[in-house]
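All remarks here apply to the structure that follows.
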Amino acid sequence: MIKVCKFGGTSMATAESINSVANIIASDKDRRFVVVSAAGKRFKSDEKITDILYACHKEAAEIGVCKSFVKVKDRYDTLKKELGLSIDLEPIYNEIEYRITKETLPDYAASRGEYLSALLIAEKLNYEFIDAETIIKFSDDGTFDAEYTNDIASMLLKDKNNAVIPGFYGAMPNGQIRVFSRGGSDVSGAIVARAVNADVYENWTDVNGFMMADPRIVENPKNIKTLSYKELRELAYMGANVLHPESIFPLKAAGIPINIKNTFEPDNKGTMIMPKTNGNGSEVITGIAGTKGFTAIFIEKSMMNNELGFCRKLLSCIEQLGINIEHMPTGIDTTSVVIHDAELEGKLDILLERIEDAVHPDNIEVFKNLALVATVGHGMSYKAGTAGRLFSALAKSKVNIRMIDQGSSELNIIIGVECADYERAIKAIYEEFVK
Ligand code: ADP
Ligand code: ASP
Ligand code: MG
């Protein structure tokens, strides 16, 4: 049996948490491949190493020296000392500091937290260190090359008894370091799990698995015992950041299950994520997730549905500006597009002008400060009246619904609400469905 274990930032933050990691690994000989994050926060107001490293890159670009690098050294020197390790970090720090000042992109700097964590853990566990740049490969255009990576990674890892691999980054064909989006060590862990054909991908974090809602919004939410790949994808994409939404792809083909576990409560079973499940036990819904920061553009035009090419013209305006859309709920004479604010930055006015010119709408309105909330679960499709319950719970809590999109999966009802109502909406849905 092979288990791949990924440990997140909080698990890497202190000598005490790293000792817990070491105990977890020692307690099961199948835990042969370990993927680690950079050290995270030790307390609420603390800084994540990755954030400091992004700041280092910025300082190097602006003033030629990375003033903040001393904070990175301090953190890892303390860990090394408290863990009683002998690795000589000085020459490594010198090289990192030098290279940060030479690189034009922030990726190299950002990746060094994972690199340093992995060096320390490898010594602590007495496992081989394998640099992610040798097994995780990106193309020239910076996109992740899944198949090439899998070929190389499986070849290089096949005869290894054990290894520690830094998460979050890999390399482009010219050797330049490239990182995934934030939280990407989850993806690295999934890639390693696929490459070694693991029996399970254990993702160790600081909570007892996936909860039915964000624990920062709902007090003590119920734990989700089992989750299907599809439900995970919807919840993670919609904002449940326990697991990076792209973690699922490397595991899908081989059907490798994911077990979300808590480093600080290792006996808790956590959440099992499997290719298919029949819903969350007796619960109607499996979970609720959401994100703030969207804008909706509402377009009204009489007889729009008879106008050949209307949607194509509208979508072309958006595509030509390189903007991605999230949702497009459509009525008879109305349609709306929901777009993440980051996509629209500096482009909203020109987009509205182009839409006016292309489709001559009767009316066009923009709603900013929108939050999306997704209620997810296979169980919803078997139970009549789920949508009715959802909407009356929101009405009772005086949440104004700006947009509804049920999609075609029967797995997910997405609503758009004003950002100010976001937390209230999640609490109302939770209270209605979860007992
Ligand atoms: P790691 O550093 O281990 O990768 P993350 O901070 O990325 O950990 O993810 C774990 C955090 O996700 C939890 O501490 C919790 O605050 C947050 N979170 C958001 N939504 C949920 C949810 N539905 N269930 C559990 N945790 C959630
Ligand atoms: N250290 C990176 C981040 O903070 C990657 C990760 O932790 O998964 O986003
Ligand atoms: Mg994470």
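With θ taken as phi - 60° and the Karplus curve 6.51 cos²θ - 1.76 cosθ + 1.60 applied, the whole-hertz 3J(HN,Hα) list for the stretch 54-61 is 4, 5, 4, 4, 5, 4, 4, 5 Hz, x standing for glycine and proline.
Each residue in Thr271, Thr226, Thr375 was given a count of other beta-carbon atoms within 10 angstrom of its own, and listing them fewest first yields Thr226, Thr271, Thr375. Among Glu133, Glu219, Glu103, Glu128, sorting on how many other beta-carbon atoms sit within 10 Å of each Cβ, with the fewest leading, yields Glu219, Glu128, Glu103, Glu133. Considering only Ile350, Ile258, Ile415, the Gaussian network model of the chain with Cα springs below 10 Å gives its largest mean-square fluctuation to Ile350. Taking the C-alpha atoms only, the angle from helix 348-359 to the longest principal axis of the chain is near 40 degrees. In this simple spin-label approximation, Leu105 and Ala395 carry label points 7 Å from Cα along the Cα→Cβ vector, and these lie 5.2 nm apart.
In plain terms, the residue of Val417, Val4, Val34 with the fewest other Cβ atoms within 10 Å comes first and the most crowded comes last, giving Val417, Val34, Val4.
Summarising the amide proton neighbourhood of Asn369: residues at separation of 5 or more, or on other chains, whose placed amide H is nearer than 5 Å comprise Phe294.
The string of couplings for the stretch 362-372 from the Karplus curve (6.51, -1.76, 1.60, θ = phi - 60°) is 6, 8, 9, 10, 10, 10, 8, 6, 9, 10, 9 Hz, one whole number per residue in order, with x for Gly and Pro.
Roughly how tilted is helix 185-195, in degrees to the nearest 10 and between 0 and 90, from the longest Cα axis of the chain? Rounded to the nearest ten degrees, it is 70. Mind running the shape call on the stretch 175-215? Use the C-alpha gyration tensor, a ≥ b ≥ c as the square roots of the eigenvalues: rounded below 1.5 for a/c, prolate if a/b tops b/c, oblate otherwise. It is oblate, given that a/c is not under 1.5 and a/b is not larger than b/c. Peptide packing for 309-315, 14-20 was compared via the average number of neighbouring C-beta atoms within 10 Å per residue; ordered from the highest value, the list is 14-20, 309-315. Taken as Cα centroids, the stretch 239-315 and the stretch 95-158 sit 28 Å apart, rounded to the nearest whole angstrom. Given an 8 Å cut-off on Cα distances and at least 6 residues of separation, report the relative contact order of the stretch 131-209 as a percent. That works out to 31 percent. Which entries of Lys58/Lys124; Lys73/Lys137; Lys137/Lys269; Lys124/Lys160; Lys73/Lys102; Lys137/Lys276 show an alpha-carbon separation above 23 angstrom in the structure shown? Cα-Cα > 23 Å for Lys58/Lys124; Lys73/Lys137; Lys137/Lys269; Lys137/Lys276; rest within.
Simple point charges give the picture: +1 on the Cβ of Lys and Arg, -1 on the Cβ of Asp and Glu, and for the chain a dipole about the Cα centre of about 1260 debye.
Given Cα pairs under 8 Å that are at least 6 residues apart, what percent is the relative contact order of the chain? Computed value for the chain: 13 percent relative contact order. Projecting the Cα positions of Val417, Ile339, Leu119 onto the charge dipole of the chain (unit charges on Cβ atoms of Lys, Arg, Asp and Glu, taken about the Cα centre) puts Leu119 furthest along the positive direction. Compared with the direct C-alpha span, the chain from Lys276 to Asp333 gains 16.7 nm at full extension, assuming 0.36 nm per residue.
Cysteines of the chain lacking any other cysteine Cβ under 4.7 Å from their own Cβ: Cys5, Cys311, Cys317, Cys419.
Report, to the nearest 10°, how far helix 69-83 tilts away from the longest principal axis of the Cα atoms in the chain, using its own Cα long axis and a range of 0 to 90°. Its long axis makes an angle of about 60 degrees.
Taking a ≥ b ≥ c as the square roots of the eigenvalues of the Cα gyration tensor, the stretch 66-168 is classed as oblate, since a/c reaches at least 1.5 and a/b does not exceed b/c. Once a ≥ b ≥ c are taken as the square roots of the eigenvalues of the Cα gyration tensor of the stretch 259-413, is the result rounded (a/c under 1.5), prolate (a/b larger than b/c) or oblate (a/b not larger than b/c)? It is prolate, given that a/c is not under 1.5 and a/b is the larger ratio. In a solvent-free Debye calculation with one equal scatterer on each Cα, what is log10 I(q)/I(0) for the chain at q = 0.10 Å⁻¹, listed in the order of the q values? Ignoring solvent entirely, the Cα scatterers give -0.79. Mean-square fluctuations from a GNM of the chain, with a 10 angstrom spring cutoff on Cα atoms, peak among Gly379, Gly189, Gly346 at Gly346. Ranking Ala39, Ile130, Phe69 by Cα position along the charge dipole of the stretch 1-141, where only Lys, Arg, Asp and Glu carry charges on their C-beta atoms, puts Ala39 farthest toward the positive end. Note on the chain: dipole from Cβ charges, positive end direction compared against Leu85, Leu235, Asn23; the farthest Cα belongs to Asn23.
Annotation: Cα Rg of the stretch 207-314 relative to the compact-globule expectation 2.2 N^0.38 Å equals 1.42.
Charged side chains reduced to their Cβ positions (Lys and Arg at +1, Asp and Glu at -1) give the stretch 130-211 a dipole of some 80 debye around its Cα centre. Shape analysis of the stretch 81-131 based on the Cα gyration tensor places the equivalent ellipsoid semi-axes at 23, 12, 8 Å, largest first. The modelled label-to-label distance for the pair Asp159/Glu410, using points 7 Å beyond Cα in the direction of Cβ, is 5.2 nm.
Our coupling estimate for the stretch 309-316, obtained by passing each phi through the Karplus curve with A = 6.51, B = -1.76, C = 1.60 and θ = phi - 60°, is x, 4, 5, 4, 5, 4, 5, 5 Hz, Gly and Pro reported as x.
Read the figures in this text as sums done on the coordinates, not as results from a lab. On a predicted model such as this, the values are computed, not experimentally measured, just so you know. Positions of Cβ are backbone-derived with ideal geometry, glycine not excepted, and every protein chain shown enters the neighbour counts.
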